1. I'd like to check one number: the per residue accessible area of the stretch 86-206, probe 1.4 Å, reported in Å² as a whole number.
2. How much accessible area per residue does the stretch 1-62 have, counting only protein heavy atoms and a probe of 1.4 Å, in square angstrom?
3. If you take the charge dipole of the stretch 258-389 about its Cα centre, with +1 on Lys and Arg Cβ and -1 on Asp and Glu Cβ, which of His286, Val343, Thr360 is farthest toward its positive end?
4. Between Asp383 and Glu59, what FRET efficiency follows from the Cβ-Cβ distance if R0 is 51 Å, with the result rounded to 0.05?
5. When all protein chains stay in place, what accessible area (Å², nearest 10, 1.4 Å probe) is found for Trp201?
6. Please give the charge dipole size of the stretch 166-288, origin at the Cα centre, charges +1 on K and R Cβ atoms and -1 on D and E Cβ atoms. Round to the nearest 20 debye.
7. Testing the spin-label approximation: label points 7 Å from Cα along Cα→Cβ at Ala241 and Asp318. State their distance in nm.
8. For a quick check of understanding: with a 1.4 angstrom probe and all protein chains in place, what accessible area in square angstrom does Val304 have, to the nearest ten?
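The values are calculated or read from the model by the stated rules, or taken from the named source; none is laboratory data. These numbers come from a predicted model, not from an experiment. Please note: Cβ atoms are built from the backbone with ideal geometry, for glycine as well, and neighbour counts cover all protein chains shown. When the accessible area is computed, the model is the full protein with side chains, heavy atoms only, and any ligands, DNA or RNA have been set aside. Shrake-Rupley method; radii C 1.70, N 1.55, O 1.52, S 1.80 Å.
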Amino acid sequence: MSASPAVVWTPRFLGYKLSDTHPLNPIRLDLTMRLANSLGVLEGIEVLTPEQAPDAEIERVHRPSYLSAVKSAPDAPYDVGHGLGTLDNPIFQGMHEASALVCGGSLLAARQIAEGRCDRAVNIAGGLHHAMAGEASGFCVYNDCAVAISWLLDHGFDRIAYLDVDVHHGDGVQAAFRNDRRVLTVSIHQHPMTLWPGTGWPSEVGTGEAEGTSVNLALPPGTRDGSWLRAFRAVVPSLLAEFQPSLLVTQCGVDTHHEDPLAELSLTVDGHRAIYQELRQLAETHAGGKWLALGGGGYGLFRVVPRSWTHLLATVLDRDVPADRGIPADWIAHTAGLNPRPVPTSMGEGAPVDHLPWGTGGDPVDNAIRETRRAVFPLHGLDPDDPRD
């Protein structure tokens, strides 16, 4: 690698707070950085401080009229439209500034890679993948993922693979690039029949010349670590080997966890750790080592997100933390004072992540695997029924 991976962070990210009672509470970011620091994951790393993205960069994917609405909404919050002022997307003071700062963080991370300062970069405050061109959606005001990908396409990267492991479909990023054959969007999520936003069916494969570059793997509720990894390996590596991206962008939402209050997959922190290691290996094998990692959903604010995203930071930095590593007493003491539930004392849950490869044995996710492979693989010259592909 050309240099130490870039970690983008500022306490000002905590200003993206939709309301005092909203499930997307930025305390999860603060607790993650506290835990990573307490474990020594960030020791010797010069954390990079972002600035707000300029309007012109945000307008790569958002309409100017929408930016105007976001800017004016806090002072005129009634009948704003554009998906603003809803229970999911309440209007808050400084909304444009906080949202533009998240975009600025992902752009700064992307710029570090594009300018050759490093091969990997991470912004845990990013990953706001639902925002559409002209409206807020799913807790997301501006789509930093799509803004960063658009910028990268103009700065040396002609084929980008976007992998979204959030429990919800990465609909905003898919919409932004569904007509662009330079971008492969892959979303692995809970089945749309059972979870908002109700999109992300295997039949959504992109349009025109970009047919086949939208990939959706829809998993049944209750899917556990091993089954999730089985499905991921049955679909993603073959597509990346064929697509040959010059960079990998990942949205690393952790609302797939079995304790998450908003969804129904059943992964563990151990599973998340294994996923990040899979993503790192895919970047090395298929994207020249170039990896931009972003955060995303995750509403287990105290017990899940800090551990899982500390593993993400550690994986990006090649400082892997053992799953049985104890959590430092200072973090436990700080967090116990904020949360009525018992806080974790270990960096894992002792959960097995082993599984049989697709094509052997039987697994509840095999139908999902077949649906996705049959919808997309032939468009890439791959055999959907041959487990070697």
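1. On the way: 3460 Å² over 121 residues.
Averaged over the residues of the stretch 86-206, the accessible area is 29 Å².
2. 45
3. The residue sitting farthest along the positive end of the dipole is Val343.
4. Values: r = 42 Å, r/R0 = 0.82.
Step by step, r from the Cβ atoms, then E = 0.75.
5. Number for this one is 90 Å².
6. On the way: 8 positive and 15 negative charges, 53 e Å.
Result for the stretch 166-288 is approximately 260 debye, rounded to the nearest 20.
7. So the two model labels end up 2.5 nm from each other.
8. 0
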